[in-house]
Every structure is written in structure tokens, then in C-alpha cells.
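What follows is a short report on a single structure.
A short reminder: the numbers here are calculations on the coordinates, not readings from a lab. The structure displayed is predicted, hence computed values, not measured ones. Virtual Cβ from ideal backbone geometry, glycine too; neighbours counted across all protein chains shown.
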Amino acid sequence: MISNLLLVLSWIFILFGVIGIFRFKNMYARLLTSSKIDTVAFITIIFALILRTGFSDLTIRLVLILIFILMTGPISSHVIARSAYLNGIPLKEDDK
Amino acid sequence: MLIRATMGLLILAMIAVLVKMLKGPTIWDRLMSLNLFSVKITLLISLYGVYTDNSMLLDVAISYAVIGFLTITLLSRFILRGGRQK
């Protein structure tokens, strides 16, 4: 029951992730929201699947994927933001 | 049934990310959408693996997560170095 609830909750996160990509003007804001919301959606779905599969070999693999993406998600977003910043995208546009 | 609906929504989100990849003004938007796309593919594979109770698919999802992460870091280092004019 809880896993179904979590799956429905993850729908909202996925939708907001997609909306977040198209709505923001500033490139960094887009980068921030999309990576953050996407990681949260990932956590919700994987947690729902862990609850659904109970204790089996699937759960061990799911926990492995969860830990791995939790570590590398923010790192990949950081790497993109760093290369964007160093190559000269101004942090705050003047028009706002 | 819910897993099928989640997979459908994920596919729509992936199509939206692809559209953003085409439309994105800067290279880093494309990199960001590539990053999102690979995370979503990992999600889709693990969802399908749990849906069909096939544990080998989850191994595929783990390896794809590793490859996706490496792609992003290497591509952004390539762009940081200003491409291949050396």
C-alpha cells in the first residue's frame, strides 16, 4: 500500500522535474532544480520498489542503485555547473 | 498496474527531456538533459526489472548508471577544455 502511495507521489516529482526544465530563464536555476527534483523522484521510486519487493536479491540490487545514484547525481550536476561557470556564463543576468 | 503507469509517465518525461536537449540554447542545457535522460533510463530499467521480477535487469541498470555518470563527467571535461583544437 505504501509503495503504491510512493509511486503516485513520484509522479508529481517527475512532472515538476519536467516543468522545471522548461520554465526557468536562468541556466543555473534550470540546472539546479532539474537535478535536485530528479534525484528526489529517483529516491521515491526506488524506495517504493524496495518496499514492493520485500527482502530478496532484487532489494539488494535496488539498494545498490540507490546508493550509487545518491552519490553520483549531485556530482554530475556539479561538474556541469562548474564547466558552465568556468567557460563564462555569468551567474546572474542583468535583465532580472 | 501502477508500475506500468509510472513507466508511461517516465517515457513522456524522457521525450520532454529530449525536446529540451534539441531546444536548449547552450551546450550545458544539453549536457544537463543528457544527465537527466540517463538517470531516467536507469529508473525505467529498474522499474521494468521489478515489474517482471527479473534480477538480471537490475544489474543492467547499475552498469548503465555507472556509464551515464562517466559520460557526463568526461563530456563536461571535454567541453571545459574547449573542444579538440589542440
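Of note:
- Relative contact order, whole percent, for the stretch B:2-85 stands at 25, derived from Cα pairs under 8 Å and 6 or more residues apart.
- Per residue of A:82-89, other chain Cβ atoms within 10 Å of the residue Cβ number 5 on average.
- The stretch B:43-86 - Rg over Rh from alpha carbon coordinates, Kirkwood radius: 1.29
- Measuring nothing but alpha carbons in the stretch A:1-69 and taking Rh as the Kirkwood radius, the Rg to Rh ratio lands at 1.09.
- Helix runs (DSSP H) in chain A reaching 18 Å along axis by Cα, Kyte-Doolittle at least 1.6: A:2-23
- Calculated [θ] (222 nm, deg cm²/dmol) that DSSP helices of n ≥ 4 give over chain B, each run adding -39,500 (n - 2.57): -30000 deg cm²/dmol
- Applying 1/(1 + (r/R0)^6) with R0 = 25 Å to the Cβ-Cβ distance of A:Ile67 and A:Met1 gives a FRET efficiency near 0.45.
- Label zone at B:Ala5, where the point sits 7 Å out along the Cα-to-Cβ direction: the stretch A:1-43 residues whose backbone N lies under 12 Å: A:4-12
- Calculated [θ] (222 nm, deg cm²/dmol) that DSSP helices of n ≥ 4 give over chain A, each run adding -39,500 (n - 2.57): -29500 deg cm²/dmol
- Using R0 = 41 Å, the C-beta based FRET efficiency linking A:Leu9 and B:Leu22 works out to 0.85.
- Values of log10 I(q)/I(0), in the order q = 0.08, 0.14 Å⁻¹, for the protein assembly as shown under a Debye, Cα-only, solvent-free model: -0.26, -0.73
- Chain B gives an Rg/Rh value of 1.08, both radii derived from C-alpha positions and Rh following Kirkwood.
- Charged side chains reduced to their Cβ positions (Lys and Arg at +1, Asp and Glu at -1) give chain A a dipole of some 80 debye around its Cα centre.
- Between A:Lys36 and B:Asn54, the distance separating the two model label sites (each 7 Å from Cα on the Cα→Cβ line) works out to 3.8 nm.
- Sites B:Ile15 and A:Phe55 - FRET efficiency at Förster radius 22 Å, r taken between beta-carbons, to 0.05: 0.05
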